[in-house]
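Worksheet: one structure, shown below.
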Amino acid sequence: MVIKFRGFDAIGERGWVYGDMWHNQRVTTSGLVPRVMVGGYEVQADTVGQFSGLHDKDGREIYVGDIVRWDHDHLLYTVVFQSGMFYASVSKCNVDVYGGFPLWYLCGAEGHCTVIGNRWDNPELLKENNQTIKQD
């Protein structure tokens, strides 16, 4: 499996770019400045997320930072990489609900999930903004 990443273009002209990731430096008048590159484009470092190798029920690739809804309980989960695996954290999106599951469990035979956004484009889906998530 190829390790693939996503990041938001630092200039903002291309939006989300996809591909391999590397770190290098840009030459400026004040010296060398570190930068993160994805798919050959400089990206905002805090938006970089790795592809989990999994897809939602519609075939959409799932990346770290995506927000998914699990069909089993209709709760929202934020995809994180933790303890060496991709994990679906329920506590970042749902008021007074804590825990989560390995991401493969939400995408596997036990249930299906749908990517409904990500933490950068859809911050309103995160409970840190003091909003309660409405169930469909």
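Coordinate-derived values only; no laboratory data. No experiment lies behind these values; they were computed from the predicted model shown. So basically every Cβ, Gly included, is an ideal-geometry build from the backbone, and we count neighbours across all protein chains shown.
Spacing of the modelled spin labels on residue 91 and residue 23, each 7 Å from Cα toward Cβ, amounts to 2.8 nm. At a Cα cut-off below 20 Å, give the lysines reachable from residue 127, other chains included and same-chain residues fewer than 8 away excluded. Output for residue 127: 92.
Projecting the Cα atoms of 125, 84, 114 onto the charge dipole of segment 53-129 (Cβ charges, centred on the Cα centre) puts 84 farthest toward the positive pole.
Ranked by the mean number of other Cβ atoms within 10 Å per residue, highest first, peptides 116-125, 95-104, 74-83 order as 74-83, 116-125, 95-104. Spacing of the modelled spin labels on residue 30 and residue 75, each 7 Å from Cα toward Cβ, amounts to 4.5 nm. Computed extension length for residue 124-residue 57: 21.8 nm, one decimal, from 0.36 nm per residue of separation with the Cα-Cα distance subtracted.
In summary, the aspartates and glutamates within cross-link reach of residue 4, defined as a Cα separation below 13 angstrom excluding same-chain residues under 8 places away, comprise 20, 61.
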